[in-house]
Each structure stands twice: as C-alpha cells, then as structure tokens.
Amino acid sequence: MALSLYNTRTRKKELFEPLDAARVGMYVCGPTVYDLAHIGNARPIVVFDLLYRLLRDIYGADHVTYVRNITDVDDKINAAALESGEPISDITARTTKAFHDDIAELNALAPDVEPRATDHIAEMIEMIETLVASEHAYEAEGHVLFHVPSDQGYGKLSHREREDMVAGARVEVAPYKRDPADFVLWKPSQDDLPGWDSPWGRGRPGWHIECSAMSRKHLGVTVDIHGGGADLIFPHHENEVAQSECSRPGHDFVRHWVHNGFLSVEGEKMSKSLGNFITIRQALEGAPGEVLRLMMLSTHYRKPLDWTEEGVQQARTRLDRLYRVLQKANLPALDQEIAISPKGNDFYDALLDDLNTPLALSALERLADDVSKMSAVEMQIHGIGLRLAANLLGLLQQDPEAWFKGGEAESDVGDIEAQIALRLEARKAKDFAAADNIRDALAENGIILEDRPDGSTDWRRAG
RNA sequence: GGCCGGGUGGCAGAGUGGCUAUGCGGAGGACUGCAAAUCCUUUUAUGCCGGUUCGAUUCCGGCCCCGGCCUCCA
C-alpha cells in the first residue's frame, strides 16, 4: 500500500508521488509572530508533523525536507507594537521563542528549514520584478499589484469564479486597482514602520509573496506538498499559485495541496470577542502536550474538530491506558535510533490512507489490548512494536514511569513511599480506617494508589 | 448568493452495498477489607423523503438542519 493524500486542487484523494523520491519537499505556512499561538494554530502543526514523520518513514529521514516559515513582517505585528510600545524585533523574537516552546510540548519535530520573511526580502523583490516585467503586475501609487485577469488559471485551487469573488467582496476596492480582485505584492511603508528599499521605493511585502519566494528558494520551483489551514485556500494559497506560476510559466507551483479543517471550541468558533480563545499555553496548563496531541489526532485532519474539556479528558484516559500497557510490558528504555517502521499492518495502512488517524488509533488500541494479554516475553517483543507505532504518531514518547509519576517536584517521592509503607502496616494490622486516611490524604494531593495483586502498592499522579 | 465540508449509539469518532470499528461514559459481574487499576459481560446509532438493488448507514435525486470560506484568521 502506498501513501495517498487528498488534494484540494483536484478535490480527490490521490496517490502521492513525489517529483524525486530522494528529495521530497513539503512547505507549510507557519505562524505570524505577533501573539501566543492558540490551539487552532496547533492543529496544522500536529497534522503536518505527522505527515512529516510518515514521509520520513517512507522515504528516509535524509530525503525529506520540511520547510515552515515564520512571518515576522505583517500589519498585525505593527499594530501590536503600536499598542504595547514594545519594539517590533522584541515582539517577533519573543513570540517566536514562545511558539517553539509551545509546539515542542506537542512533540512536534523541528522543520528542516524555518525561513523568516524578513530574511527573504531580496527574493520577494526579484519575483515581483519578474511579474512586473511580464505584465502580470503593475505599479500604482507606490504599490505593486498582481493583476488577476492576467492569470488564466486564477481560481483553480479554490474553485472560484472571478465574478463570484468580486460580487462577494466585502472590502472597499482601492481606487488604484485595475481590477477589484488585484492584490498587493508590495506596498509603501511609513518611516516609523519596517521597510526595505526597492525599485518602487521604501516599502514592505504583501502577505502572499513571502511564501512563494521562500518555497521556491528552499524547495525549488515545484514543491511536492504545500499545506496549511483550510482558511488559507483563499485568498492566500490561490494568490501564491498565481504569483509563483506566472513568474515561472509552465511549471506547477505545488503538486499536492493539503489543508486541515478548522477547530471550534465547545461548539463555537474560536474568537477573541466570544472570549473562548485558548492558547496552546493555556491548554498545556490543563493537560500534558501528548494529551493535546492525541486530541488533535482523534479526528480526521480534514474534518472540523470541536475542542471540548470532555474531549481532552477522554484523550487523557485513552493515553493513560496505552501507557499502562507499556508499563506492564516493561520495555527497555527508549532508543529512537533503532526505530524501525511498523509497516504492513492496519495501523500503518490507515495512516497511508490520507492520514486516517482515528482508524490508526483504533488499530493501535486493539494492538495494545492484544499486547496486554501476552506472556511476559511476548509482551516485550510486541510492546516495542506498539511503542514504535505510537511514536510514528508522536505519542508514547515518555517512559511510562515518568508519565504516571513525573511532573511535579521529585522530592516528595520519598514521602509518598513512606506514606505507602505506613498504609501497608496499617492494612496488615487490619486498621483500615488509618489506611484509608492515608490514602485519602494522598489523594487530596493528587496521588492515587493502586494495590497490586502481589501485595505491593504502586502510585501515580492524577491527571 | 457562490464555493466547500458535515449530519452515525449518552458522548467522541471511523469503516462499510449484506457479517454493524475504536475510545470515553453507563449498567452488571470478577478481583479488592473498601477503593483504584485490570479483566469479563452488557445497553443503545446511522437527519427526512423518494429512487436504484434481492438487500443501503453506505450509491443516486430532492429536502431540512449545522459549520467554514468568499482579499491579509491555521
């Protein structure tokens, strides 16, 4: 079985065939660094991280290049700086750091290249110049605009007719536009805002041009996969296609367009006005990153995902159960270097089928169920398979002991064990009231006891 | 209005033209001093109306809802 992916452009699930299996490229639209990332931002991070892991597994880690940009020049950043007085460079540096910290908690691997828009101004200007020279773009009042009617193929990604777009336009059409659908490639910048010298005067790039320029620079004229949230299909990705293909006629910009569905919170669209905006950081206060990751993967990536407190709890329970099997299997320590692929089973096939993670998870849980019923020797062997499979999803990355007991300060472990010893003595003396008091006191501190059949007592931290 | 997704058991969420995942939860039982964990058993579903078919949740048509996008929100 081979990997197939849904392609937004053709609206079909297609066999994924890279241009060159030795150099598979994937570009994903990264964050604009003006504020903490929210759980909606986290979805594409997790989805494309999974795709990255899968591609590495299929083609070899050295043959896949994952590029995810950082947008560090944007009007929203300017607005944030104006409001807080914090220098723009401080905002972008601080927010980029926070972004990295947050998504590391979600077990997202770092991309191979993480280009910044401000490091690629020259490439953008060059592309714009090409477009102007070929009359796909024009200068007007210091702006450079892409002339949409000059692109015969415009609309092929989002499947929109130009007339519809114009009719539905909700923003005033700038008077200097030749056509209402024309969009900005370059715009003049005030002295107090970031700007770069260009053939059209001091200015800054439009939103869409950066991804076109950076994708080409780091992955070539044609890239195998370009991904992002479904809301980017139009206008962002449509415009990227226009710029890229008109500046290099005869070459496809992207072979497979992959878009993840939107995320809502407790049934409502996440928005600042509704007050249901959840940052990754806030979500991490309520649950470990792996739980959030499992939650993300519980729904197929193209479907809407409703983020609920109950859903997070369910994910936690599911993950606990998997870790319990791992704990029981008593596997040797993690060694990522020996990671072999769990190919050729229901689990892997589910992932190959357009990243069907809910189905893959069900296969994983069936496997876990089987493993938990095996003999100790078998359990070690098949337990490793279980862990490898989960690792492909970016799950079960921790040692089970650490999962159940880690977290808070390690210092009180001795105290917990002392209390357990006291309780055991009380139980031996049939003083169950005293024993239960100890257990209740520990429970109040988030420590749950589990008596084993052999008479010993284990403990774990409550989620 | 245009385009795109959805409507599955108490909840989450897949597959599938007939054998009806998986998880969470509920119920009963085993184990336990009692719990916790584990194990066993168990309950309930395919928005509405037609059509195709021996048979549809799955295919087709219509309808009703829900959500997203429609120029800078992942």
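The values are calculated or read from the model by the stated rules, or taken from the named source; none is laboratory data. None of the values given here were measured: they were computed from a predicted structure. Ideal geometry is used to build each Cβ from the backbone, glycine not excepted, and the neighbour counts take in all protein chains shown. The area values use the complete protein model at the heavy-atom level, side chains included, leaving out ligands, DNA and RNA. Shrake-Rupley method; radii C 1.70, N 1.55, O 1.52, S 1.80 Å.
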What distance in nm separates the two pseudo spin-label positions at A:A104 and A:A376, each 7 Å out from Cα along the beta-carbon direction? 3.9
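What order do you get for A:8-21, A:286-299, A:307-320 when each peptide is scored by the mean count of other beta carbon atoms within 10 Å, highest first? Walk me through the numbers on the way to the answer.
Working: A:8-21: 14.3, A:286-299: 21.8, A:307-320: 16.4.
The most tightly packed comes first, giving A:286-299, A:307-320, A:8-21.
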Might you tell me the accessible area per residue for chain A, computed with a 1.4 Å probe and given in Å²? 47
What value, in deg cm²/dmol to 500, does the helix sum -39500 (n - 2.57) over DSSP H runs of n ≥ 4 give at 222 nm once divided by the residues of chain A? -13500 deg cm²/dmol
Placing unit charges on C-beta atoms (Lys and Arg positive, Asp and Glu negative, everything else neutral), compute the dipole magnitude of chain A about its Cα centre in debye, rounded to 20. 1020
How big is D for segment A:405-461, in µm² s⁻¹ as a whole number, if Stokes-Einstein is applied with the Kirkwood radius of its Cα pairs at 25 °C and 0.890 mPa s? 213
Once the Cβ-Cβ distance between A:F432 and A:D192 is put in as r, and R0 is 60 Å, what FRET efficiency do you end up with, to the nearest 0.05? 0.25
Take the Cβ-Cβ distance between A:Y176 and A:Q152 as r, set R0 to 30 Å, and report the resulting FRET efficiency rounded to the nearest 0.05. 0.80
Pairs of lysine in segment A:4-260 with Cα under 30 Å and at least 8 positions apart or on different chains: total? 17
Long-range alpha-carbon pairs in chain A, meaning those over 31 Å apart, account in percent for 51
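Per 0.36 nm of contour for each residue apart, how much would the distance between A:A418 and A:D306 grow if the chain were fully extended, relative to their Cα-Cα spacing? List each step's numbers first, then the result.
Values: separation 112, 0.36 × 112 = 40.32 nm, distance 4.34 nm.
Separation in residues times 0.36 nm, less the Cα-Cα distance, equals 36.0 nm.
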Please work out the FRET efficiency for the pair A:A133 and A:D353, using the Cβ-Cβ distance as r and a Förster radius of 51 Å; give the result to the nearest 0.05. 0.70
Percent of alpha carbon pairs in segment A:1-83 separated by more than 16 Å? 63
Can you tell me the orientation of helix A:39-59 relative to chain A, as the angle in degrees between its alpha-carbon axis and the longest Cα principal axis, to the nearest 10? 90
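If N is the number of residues in segment A:321-463, what value comes out of its Cα radius of gyration divided by 2.2 N^0.38 Å?
Values: Rg = 18.5 Å, N = 143, 2.2 N^0.38 = 14.5 Å.
Taking N as the residue count of segment A:321-463, the ratio is 1.28.
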Against the 2.2 N^0.38 Å rule of thumb, the C-alpha Rg of segment A:4-260 sits at a ratio of 1.00
